[in-house]
Amino acid sequence: MSDPLFIDECLSLALVAKAHSRGHHATHVAFMGRLGEQDWDLMPFLLKENFVLVTNNGEEFKRRYANLDLHPGLIIIVPGGIGKELQVELFDRALEVFESMDDLVNKVMSVDIDGNVTIADLPDPNACQICKAIPCICGNRRLKFP
Ligand SMILES: [Zn+2]
């Protein structure tokens, strides 16, 4: 487990310090001169540099990552509008699990308000390969599996 972490704009800079204190390489969008760009404009950079994205904007990124064949992973701090201390606490829980894994490739880790961490495949193997929806909304899946 060595992939670096990239903290999204929506989350506190304190998460970078937390990651460093646990021995991870981590950076924040504010350190990259990329503040104000649309979040998803960062995706080519993240993929190229193998950054695991840590974000609060889970739904948007889950949708976008579901369209990728290969990505280094996504960590979602699920609750919105929480203070810095709770962000750090929940991130700490996520890192604990992250450290026990080889990598987070093609997976999404979510941590909820109570600090519960769940991991799922992304894209979901049950999703339609064309429209990425469960159940399929484009008709492709229906043709294959009548
Ligand atoms: Zn479909």
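The values are calculated or read from the model by the stated rules, or taken from the named source; none is laboratory data. Fair warning: this is a prediction, and the values are worked out from it, not measured in the lab. Note that we place each Cβ from the backbone using ideal geometry, even for glycine, and neighbour counts take in every protein chain shown.
A few points about this structure:
- Odd one out for residue 101, checked against (1) closer than 25 Å to residue 16 by Cβ; (2) within 16 Å of the ligand (Cβ to nearest atom): (2)
- Any hit, segment 133-142, residues being within 16 Å of the ligand (Cβ to nearest atom), crowded, with 18+ Cβ neighbours inside 10 Å, free of Cβ contacts under 8 Å to residues at least 40 places away in the same chain and of a type outside the set (A, V, I, L, M, F, W, C): yes
- Verdict on residue 37 being under 25 Å from residue 66 (Cα atoms) and touching a strand residue (DSSP E or B) at 6+ places or on another chain (Cβ under 9 Å): no
- Scanning segment 9-59 for residues that are of a type in the set (S, T, N, Q), surrounded by 13 or more Cβ atoms within 10 Å (Cβ to Cβ) and either in contact with a helix residue (DSSP H, G or I) (Cβ under 9 Å, 6 or more places away or on another chain) or part of a helix (DSSP H, G or I) (or both) yields a count of 5.
- With respect to the stated conditions, residue 119 is free of Cβ contacts under 8 Å to residues at least 60 places away in the same chain, assigned to a strand (DSSP E or B) and either surrounded by fewer than 17 Cβ atoms within 10 Å (Cβ to Cβ) or in contact with a helix residue (DSSP H, G or I) (Cβ under 7 Å, 6 or more places away or on another chain) (or both).
- Just one of the listed residues (90, 68) is more than 16 Å from the ligand (Cβ to nearest atom), more than 20 Å from residue 18 (Cα to Cα) and not polar (S, T, N, Q), and it is 68.
- Only one of the listed residues (84, 62) is over 20 Å from residue 20 (Cα atoms), touching a residue at least 60 places away in the same chain (Cβ under 8 Å) and more than 14 Å from the ligand (Cβ to nearest atom). That residue is 62.
- Scope segment 70-105; condition at pLDDT 95 or above, under 21 Å from residue 45 (Cβ atoms) and surrounded by fewer than 17 Cβ atoms within 10 Å (Cβ to Cβ); matching residues: 105
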